Amino acid sequence: MLQRCKEKLNTLAISVMNQWPGVKLRVTEGWDEEGKHATDSLHYEGRAVDVTTSDRDRSKYGMLARLAVEAGFDWVYYESRSHIHCSVKSESSSAGKSGGCFPGKSLVTTEDGGRKRLDEVSLGERIAALDSHGDVVYSEVIAFLDRAPSERRQFIRLTTKSGRVLTLTPAHLVPVENRSSIFAAKVQPGDRILVSDTAARNRTNGRLRWDSVVETKLVLEEGVFAPLTTEGTLLVDDVVASCYAVVDSQSVAHYAFLPLRIWNSVTSFFVQRLDDAPRVSGQNEDSQPTKEGVHWYASMLYSLSTYVLSPKMIYN
């Protein structure tokens, strides 16, 4: 459970004892390890608790809800007649600040037609992506919005009718037929996502088709990788996905990252000029290692989004 949620819970427990001497706060549900809640439930993030009083007197629940609000919980409501649901907002976590992530073992297709794990992809490589015309192209990886090879994180695994499996974070955007791009947490069985034909995976003009999702499942995976391509999209395990997350709009997110794409184009131009120039003997030609953690630009945009965008557009 997140520290902030624990602090609010402790405050609420004290308030309950002060309000009703001899009565204690009873937590009926905290961190969910058994998959009992919806895929986007805050119980999987340690941000939610379900509470009652120890005597289970429902006549006290109205006051209990009021005490929870006074304790500082961001959301308090009657989820059912048997308990009060309390939860807190995200604590500026790396999951929220990044552009959404995939596990390190996810596969992408490189320009030479080969397959490569995301934890092996480097800046400057060109991988399969979807352009604005709906065609499969090879697009340069210009940044990693998040990169944490040893971190374990919660992902949603989407399995399609034809056996494609896409694993990504809940706040990540996924193109869905007739619904534009939506958060992965909102994808339901029966929704159709865009996949590539296996036989055509080595060709940029490979065919894409809509494939029905038959299962959504929460999983824990190791490695957190969020590559940003010039197109703002990529094909991961033969499924089309966005490079963006948190904001419920592919076009808004892609426009917001325009300065980063321009900066990459400018620096690439000058780097190319330097590469064409004669090299000094003994000059180090090794590329710099890719930094780990959340990209500073993604972190900045996330902070600004809460001020300039409607709360309905931001994943909570």
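General observations
- The set of residues from the stretch 213-237 being acidic (Asp, Glu), in contact with a Lys or Arg (Cβ under 9 Å, 6 or more places away or on another chain) and either more than 19 Å from residue 187 (Cα to Cα) or at pLDDT below 95 (or both) comprises 215, 221, 222.
This table checks each residue for (1) closer than 30 Å to residue 195 by Cα; (2) modelled with pLDDT under 90; (3) surrounded by 15 or more Cβ atoms within 10 Å (Cβ to Cβ); (4) in contact with a strand residue (DSSP E or B) (Cβ under 7 Å, 6 or more places away or on another chain).
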{"site": "63", "(1), (2), (3), (4)": "no, no, no, no"}
{"site": "67", "(1), (2), (3), (4)": "no, no, yes, no"}
{"site": "84", "(1), (2), (3), (4)": "no, no, yes, yes"}
{"site": "87", "(1), (2), (3), (4)": "no, yes, yes, yes"}
{"site": "95", "(1), (2), (3), (4)": "yes, yes, yes, yes"}
{"site": "99", "(1), (2), (3), (4)": "yes, yes, yes, yes"}
{"site": "104", "(1), (2), (3), (4)": "yes, no, yes, yes"}
{"site": "118", "(1), (2), (3), (4)": "yes, no, yes, yes"}
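- For the stretch 1-13, a residue qualifies if it is loosely packed, with under 13 Cβ neighbours inside 10 Å and closer than 25 Å to residue 59 by Cα, and exactly one does: 10.
- Within the stretch 203-212, being modelled with pLDDT under 85 and of a type outside the set (D, E, K, R) holds for 204, 205, 206.
- Some residue of the stretch 137-158 being at pLDDT 95 or above and among the acidic types (Asp, Glu): yes
- Odd one out for residue 240 among (1) assigned by TED's automatic domain parsing to the domain that holds residue 189; (2) among the β-branched types (Val, Ile, Thr); (3) part of a helix (DSSP H, G or I): (3)
The values are calculated or read from the model by the stated rules, or taken from the named source; none is laboratory data. All values derive from a computational prediction rather than experimental measurement. Cβ coordinates were reconstructed from backbone atoms using ideal geometry, including for glycine residues, and neighbour counts include every protein chain displayed.
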